[in-house]
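The values are calculated or read from the model by the stated rules, or taken from the named source; none is laboratory data. As the structure is a prediction and not an experimental result, all values here were calculated from the model. Reconstructed Cβ throughout: ideal geometry from the backbone, glycine too, with neighbour counts over all protein chains shown.
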Amino acid sequence: MGGTALEKALVDRLRMWHMIVEVVPVERTSVGIQMVLARQADAFFGDRALLLDAVNRNAKAAQLKVLDRVFQRDQIALATQRDDGQLRLIIDRTLSRLIRSGEMQAIYRTNFGDPDRSTLEMFEFVALPD
């Protein structure tokens, strides 16, 4: 998607690899996926969770593959009211409990398919200790 950190990282990585390709920014994930299906693009780079969701919802999902390769790790965030440390702690503890219990993997599997190694590592990395 145009003007994002992902686009910059992609362009930087392509330059590093001395690859000459045309990068065409799109406004929405669905547009990029449609371009791949119509063979107007060879690949589409985007946020992994968004890609998995969009592919799972697409009638032509069997024609698409989201690769396990992670090109860049970015932090994600949940917006809350300013200075609401109690809510933040409740959210962090709840997510950590879900991760440690294995429920997060089940939730992920239901919505995005089987979590790959890097996703499982990310779960372990972000979980708070007991």
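The table below gives the values:
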item	result
Complete set of residues in the range 76-95 that are within 19 Å of the chain's Cα centre (by Cα) and either modelled with pLDDT of 85 or more or closer than 20 Å to Val55 by Cβ (or both)	Ile76, Leu95
Candidates Gly46, Gly32, filtered to the one that is assigned to a helix (DSSP H, G or I) and not hydrophobic (A, V, I, L, M, F, W, C)	Gly32
Every residue from the range 21-46 that is out of contact with any Asp or Glu (no Cβ under 9 Å at 6 or more places or on another chain) and modelled with pLDDT under 85	Gly46
Residues of the range 15-48 classified as of a type in the set (A, V, I, L, M) and surrounded by 14 or more Cβ atoms within 10 Å (Cβ to Cβ), total	7
Selection count, the range 98-115, where residues are farther than 24 Å from Arg88 by Cβ and surrounded by 16 or more Cβ atoms within 10 Å (Cβ to Cβ)	2
Where a residue in the range 47-64 is modelled with pLDDT of 85 or more and among the acidic types (Asp, Glu) and its partner, wherever it lies, is part of a helix (DSSP H, G or I) and surrounded by fewer than 17 Cβ atoms within 10 Å (Cβ to Cβ), with Cβ under 9 Å and at least six apart	Asp53/Asn111
Among (1) over 15 Å from Arg69 (Cβ atoms); (2) part of a helix (DSSP H, G or I); (3) touching a helix residue (DSSP H, G or I) at 6+ places or on another chain (Cβ under 7 Å), the one test that Ala41 misses	(2)
